[in-house]
1. Which net charge results for the neighbourhood of B:A138, defined as the other residues with beta-carbon distances under 14 angstrom from its beta-carbon, given Lys and Arg at +1 and Asp and Glu at -1?
2. Can you give the helix-only mean residue ellipticity at 222 nm for the protein assembly as shown, where every DSSP H stretch with n ≥ 4 adds -39500 (n - 2.57) and the sum goes over all residues, rounded to the nearest 500 deg cm²/dmol?
3. Kindly put A:W22, B:W76, B:W240 in sequence by how many other C-beta atoms sit within 10 Å of each C-beta, fewest to most.
4. Anyone know which of A:A73, A:A40, A:A57 comes out most mobile in the 10 Å Cα GNM of chain A?
5. In what order do B:H47, A:H42 fall by count of nearby beta-carbon atoms within 10 Å, going from fewest to most?
6. Taking N as the number of residues in the protein assembly as shown, what value does Rg over Cα atoms divided by 2.2 N^0.38 Å take?
7. Please identify, among A:L63, A:L44, A:L11, the residue showing maximal mean-square fluctuation in a Gaussian network model of chain A using a 10 angstrom Cα cutoff.
8. Under 5 Å between amide hydrogens, which residues at least 5 positions from B:S8 or on another chain qualify, with H placed 1.01 Å from N in the peptide plane?
Amino acid sequence: MCTYATVQTTLEGSAKGPQSSWFHVTDGTIYFDHPVHAMAEHTLNIDFANPAKGPSARVAVELTAASARELIAAIQAALDSAPAELKV
Amino acid sequence: MVESTSMSESLCAETIIISGNEGDEIEVYLARPTEEGSRGGVVVIHHMPGYDRTTKEIVRRFAELGYDAICPNLYWRQAPGAAPDDAAATARAQGGVPDEQLIGDVAGAAAYVRSLPASNGKVGVIGYCSGGRQSVLAACNVDLNAAVDCYGAFVVGTPPEGFPLKVTNIVDQLPNLRVPLLGLFGKEDSHPSPEQVAELDEILTSLDKPHEFHSYDDAGHAFFAVDRPAYRVAAANDGWEKIAAFFATHLGG
């Protein structure tokens, strides 16, 4: 099915996108729905985007549910490992 | 001597701009047999991942079956000229396609194929996945002759609370269904579930709306999608035969 479910957030950072160029990331769109490329019926999809730069200013990832959970844990572990004074 | 057939070996496929909802200019993919003659039209509604290569292959297949086939790019307004996946992502981030806009775009596409020289005036609509629901929606609101719903979720049933795209079921519109409906579903699908398919069947029967439903074993959602793991060759092949027969009955002549 199309879940239609979409969660959006603002982001501050950069991503390496089309033509190997970096761009400023301002928005994240996260949804669990059909992937475009991954070999699974549904995946956790994240778009790192800058809508002001147009539709192609986007880095897309499609992860299985298990991989997405592992990513969450890995991100949390990486953040936890850094000294507090660096995380501003 | 060449045997007579409705299959078309020689096709013309192109991308053009037509008038969609409220006269908006929208991109469409148009494929049609090159030979002269009288034939019906088919409006293809693309799935949520977009106006992509596999959808265009479907459009060309309808042309091969002998129809003037057209697919509106539902995301043209939000992302003109973008890659299909980027356009789908942009449209999703902006809240999706409103039902009223979809109805207007299908009406514009149907009017365009009816204006073509070979048109016999009859036009069908078909949609896959989210487009399945939109196909039924169009068939309740647009002057058409036949409709096909391929595993559309939320024709009946209630979406979970908090859906950002605000999709709703369209049970209240079913009394307005104007055309025969062919429904093709997978028994292993959960949206629509076999229970929801049965509910839709019962509602249409109670409303005395002509419909023909087929549910396939060993098939779930998106069993027509040749580039996805959900593809099921037996269900897809039989489904294509059902579609061809259904459109021949209602769009021929």
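FYI, it's all coordinate maths here, none of it is from the lab. In this text, all values refer to a predicted model and were calculated from it rather than measured experimentally. For neighbour counting, all protein chains shown are included, and Cβ atoms are generated from backbone atoms with ideal geometry for every residue, glycine included.
1. Numbers: positive: B:R133, B:R178; negative: B:D99, B:E100, B:D105, B:D143, B:D149.
Result for the neighbourhood of B:A138: -3.
2. On the way: 7 runs with 99 residues, N = 341.
Here the helix-only value at 222 nm equals -9500 deg cm²/dmol.
3. Numbers: A:W22 9, B:W76 21, B:W240 15.
Lowest to highest Cβ neighbour count: A:W22, B:W240, B:W76.
4. A:A73
5. Details: B:H47 26, A:H42 19.
Listing B:H47, A:H42 from fewest to most nearby Cβ atoms yields A:H42, B:H47.
6. Values: Rg = 21.3 Å, N = 341, 2.2 N^0.38 = 20.2 Å.
Dividing the Cα radius of gyration by 2.2 N^0.38 Å gives 1.05.
7. Maximum among the listed residues: A:L11.
8. Amide H to amide H, under 5 Å and 5 or more residues apart or across chains, B:S8 pairs with B:L65, B:G66.
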